[in-house]
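Let me begin by presenting the structure, written as structure tokens, before commenting on it.
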Amino acid sequence: MIQVDVANVSKVHVSMKGEPLLALLDVDFRVEENEFFSIVGPSGCGKTTLLNLLAGFEQPTRGELKVGGKVITEPGWERAVVFQEYALFPWYTVAQNVRYGLQRKRVPEPEQRRLVDHYIGLVGLRGFESRYPRELSGGMRQRVSIARALAVNPSILLMDEPFASLDVQTREYMQDELLKIWQREPKTVIFITHSIDEAIKLSDRIAILAPRPGRVEEIKTVDFPRPRDPTDPAVVHLAAEVKLWLRRKVFENRRSEEPAAGRQEAAH
Amino acid sequence: MPSSPSLDGEDARSPGALTANRGMPPTQEALARLAASMVPPPPPAWKRALSRISRLWLLAVFVIAWQLISMYGQRVNPQLDVMMPPPTAVISAAADLIARGVLLTHILDSLKRVLLAVGAAAVLGVPLGLAMGWSKRFRAAVDPLLEFIRPIPPLAWIPLSILWFGIGDVQIVYIIFLAAFFPVVLNSLAGARDVDTYLVRAGLSLGARPRELFLTVVLPAALPHIFTGIRIGLGIGWMALVAGELVAAPSGLGYMINNARTLFRSDYILLGMVLIGALGLVLDYLMRQAARFAMPWHRQ
């Protein structure tokens, strides 16, 4: 069943100098219910813009984004977001952060307590309920952020490079945990990352974005069984293929930009 | 050679259960004990008190120098008696005024005025600043008026305010209010305006409505700035108070100083100055404690 429908979406950003800039051009894809869908691409390809549109923080210049047939017009808990820098409320404890969305949803009080306890347990943070975010490590903060997003029972989980600022060991551990949680409580996940290995490890499908203007170049299906072994030849092959392709894209981009930059220099 | 306790339990003197579970990960309690054993014991209370007092040595040198210069300087310059009375004279002046029951009245009158005025500045200034930070349109409308009034020094208002309110509490409170109001507004404004975009977005995506977003995200995010604004307002207000009382007042520390000048009582003048400094310090300390209490997450 198709759940998220991104239909011919273009987004123009206006730069500080007032120049219009094409951030996304005719982006078009669909995400199935309970699918783990990743979006990869080099920086500047409009990944975060796409997530902002899906979350409802921004509106597309052209085209439409729909969830379950309804056009996205504003942010809402049915599309909970996990941010790269966690975005936890520093003035609330772990438990209060996880509870935040439940209070906004007007969930009855005893049910709130049960859900907070359940999701704090799910991300392995029992015993830290009354700590403030600043007292936690990066990995623990991101787990709070995931628990906070899951607690409101969103139909879609939007994740914007959630593990990018963690160290390698913590990142791999968090990836495994996320997969476990996702398999236990299936949800549609739209996962943004610049790491191809991460995308291949986690996803059902991967959309590869090309930069300037941001557009979907290809959508790859990853149908290896989970858990995936990063040394499995098939996985290695797929990763190498995508990486090679991306490297070529970045290289082409550089070349197409350099003469223009050179001309600007000469004009000064 | 004294060896420190080690985690693998090789050392027989290592505290507690660490030796018991060789090869097993040490328990949290054992680790806590180990950590405690590595920290040197805190110095006894009298040593800590002494070290705290000894930090004030420069202040002590200053007071002693002042005493000596005032006492022995009079042999060189007899006028020094009036120009700069020694600390002991200031203390006896305090005892004198307390005995006559006027000192406490002056202090309380000054405190009452400053607290009333800064309280009013906070009650009006914080909501105004937050609203200006929250809504660009509101800010655009209010800003020109505010920026026009703000550069006028509070003291320039004294003649007009005497015409309006006469000489008394209302007039002085008004002057202090003017002095404290702008730092409160501007800091609250900055606090509400500079809230982290991601926190606002997190709130929105978790279903917060505008009113909830304001109360649960914007207000707590702005709170440190609000406290800073009130602290600055209190400091500037305290200075405006003394200036206002010097010019026209029926009582208060500023009045006491000015009155003492007409009587050539420089010991009273110095006493007033010392009290103004000390009370300003106490007020600021209380504000910082209040901020710590109100924002437990914000501790350094």
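Its convex hull of Cα atoms gives chain A a direction-averaged projected area, equal to a quarter of the hull surface, of 16.3 nm². Taking every residue in B:290-298 and counting other chain Cβ atoms within 10 Å of its Cβ, the average works out to 2.
Say R0 is 45 Å: what FRET efficiency, to the nearest 0.05, do A:T61 and B:L108 get from their beta-carbon distance?
After rounding, the FRET efficiency stands at 0.10.
Here's the picture: a label point sits 7 Å out from the Cα of B:V274 along the beta-carbon direction, and within the range B:225-268 the residues with their amide nitrogen under 12 Å of it are B:267-268.
Screening chain A for whole DSSP H helices with an alpha carbon extent of at least 15 angstrom along the helix axis and a mean Kyte-Doolittle hydropathy of at least -0.5 yields A:138-151.
Taken over the protein assembly as shown, the percentage of Cα pairs per 10 Å bin, counting from 0 up to the bin with the maximum distance, is 3, 12, 17, 17, 15, 14, 12, 7, 3, 1, 0.
As a proxy for reagent exposure, ranking B:V63, B:V184, A:V222 by other Cβ atoms within 10 Å from fewest up yields B:V63, A:V222, B:V184.
Dimensions of the range A:152-243 from C-alpha coordinates, computed as largest minus smallest value along each principal axis and given longest first, are 35, 32, 27 Å.
So, with +1 on the Cβ of K and R and -1 on the Cβ of D and E, and no other charges, what is the size of the charge dipole of chain B about its Cα centre, to the nearest 20 debye?
Around 300 debye, computed over chain B.
For the protein assembly as shown, the residue among B:I172, B:L130, A:T188 whose Cα projects farthest onto the positive side of the dipole built from Cβ charges is B:I172.
Look at the stretch A:99-109: the mean tally of other chain Cβ atoms within 10 Å of its residues' Cβ atoms is 3. If you plug the beta carbon distance of A:E32 and B:L215 into 1/(1 + (r/R0)^6) with R0 = 45 Å, you get a FRET efficiency near 0.70.
Taken along the Cα-to-beta-carbon direction at a fixed 7 Å, the label points for A:V71 and A:D232 span 4.2 nm.
With a 10 Å cut-off around each Cβ of A:79-91, the average count of Cβ atoms from other chains is 5. Taking other Cβ atoms within 10 Å as a rough exposure proxy, B:L115, B:L286, B:L97, B:L178 sort from fewest to most as B:L286, B:L115, B:L97, B:L178. Net charge near B:M132: determine it from the other residues with C-beta under 14 Å of the C-beta of B:M132, scoring Lys and Arg +1 and Asp and Glu -1. Residues near B:M132 contribute +2 overall. Would you work out if the range A:205-250 is rounded, prolate or oblate? Take a ≥ b ≥ c from the square roots of the eigenvalues of the alpha-carbon gyration tensor; rounded if a/c is under 1.5, else prolate when a/b is larger than b/c, oblate otherwise. It comes out oblate by the Cα gyration axes.
Classify chain B from the C-alpha gyration tensor, please: rounded if a/c falls under 1.5, else prolate or oblate depending on whether a/b exceeds b/c. Verdict is oblate for chain B. Comparing A:N8, A:L51, A:V168 along the charge dipole axis of chain A, the residue lying farthest to the positive side is A:L51, per the Cβ-charge model. Could you tell me which of rounded, prolate or oblate describes the range B:37-193, using a ≥ b ≥ c as the square roots of the eigenvalues of the alpha-carbon gyration tensor, with rounded for a/c under 1.5 and, failing that, prolate when a/b is larger than b/c and oblate otherwise? Cα axes put the range B:37-193 in the oblate bin. Ordering B:H225, A:H194, A:H237 from the fewest to the most neighbouring beta carbons within 10 Å gives A:H237, A:H194, B:H225.
Length available on full extension from B:V282 to B:L155: 0.36 nm per residue minus the Cα-Cα distance, which gives 43.3 nm. Here the range A:157-266 is treated with +1 on each Lys and Arg Cβ and -1 on each Asp and Glu Cβ, and its dipole about the Cα centre works out to around 320 debye. For chain B, which span is the longest to avoid every loop-located (per DSSP) member of trypsin sites (Lys or Arg not before Pro) having at most 11 other Cβ atoms inside 10 Å? In short, B:101-298. Put the Cα centre of the range B:94-157 next to the Cα centre of the range A:35-53 and the gap is 50 Å. Projected label points at A:E109 and B:A65, each 7 Å from Cα along the beta carbon direction, are separated by 6.3 nanometres. To the nearest ten degrees, helix B:28-38 and the longest principal axis of the Cα atoms of chain B are 60 degrees apart. Across chain B, C-alpha contacts under 8 Å between residues 6 or more apart give a mean separation that, scaled by the residue count, equals a relative contact order of 18 percent. Note on chain B: dipole from Cβ charges, positive end direction compared against B:A294, B:Y255, B:L31; the farthest Cα belongs to B:L31. Between 0 and 90 degrees, the angle of helix B:169-193 with respect to the longest Cα principal axis of chain B falls at about 30 degrees. In loop segments of the range B:172-278 as defined by DSSP, the chymotrypsin sites (Phe, Trp or Tyr not before Pro) with at most 12 further C-beta atoms inside 10 Å of their C-beta are B:F264. Note on B:N77/B:V39: beta-carbon distance plugged into 1/(1 + (r/R0)^6) with R0 of 56 Å gives a FRET efficiency of 0.50. Dividing the summed helix terms, -39500 (n - 2.57) for each DSSP H run of n ≥ 4, by the number of residues in chain B produces a 222 nm estimate of -24000 deg cm²/dmol to the nearest 500. For the listed residue pairs A:K47/A:K243; A:K70/A:K180; A:K47/A:K180; A:K66/B:K136; A:K187/A:K243, the alpha carbons are over 20 angstrom apart in A:K70/A:K180; A:K47/A:K180; A:K66/B:K136; A:K187/A:K243. Based on alpha-carbon atoms, the Kirkwood radius and the radius of gyration of the range B:98-166 give Rg/Rh equal to 1.16.
Its Cα centre serving as origin, the range A:76-156 has a Cβ charge dipole (Lys and Arg +1, Asp and Glu -1) of approximately 60 debye.
Listed values for the range A:16-27 are Karplus-derived 3J(HN,Hα) couplings in whole Hz (6.51 cos²θ - 1.76 cosθ + 1.60, θ = phi - 60°), namely 4, 7, x, 8, x, 10, 7, 7, 9, 10, 6, 6, and x replaces Gly and Pro.
Since every read-out is calculated from the coordinates, none of them should be taken as a lab result. These numbers come from a predicted model, not from an experiment. Here the Cβ is made from the backbone with ideal geometry for all residues, glycine too, and neighbour counts use every protein chain on show.
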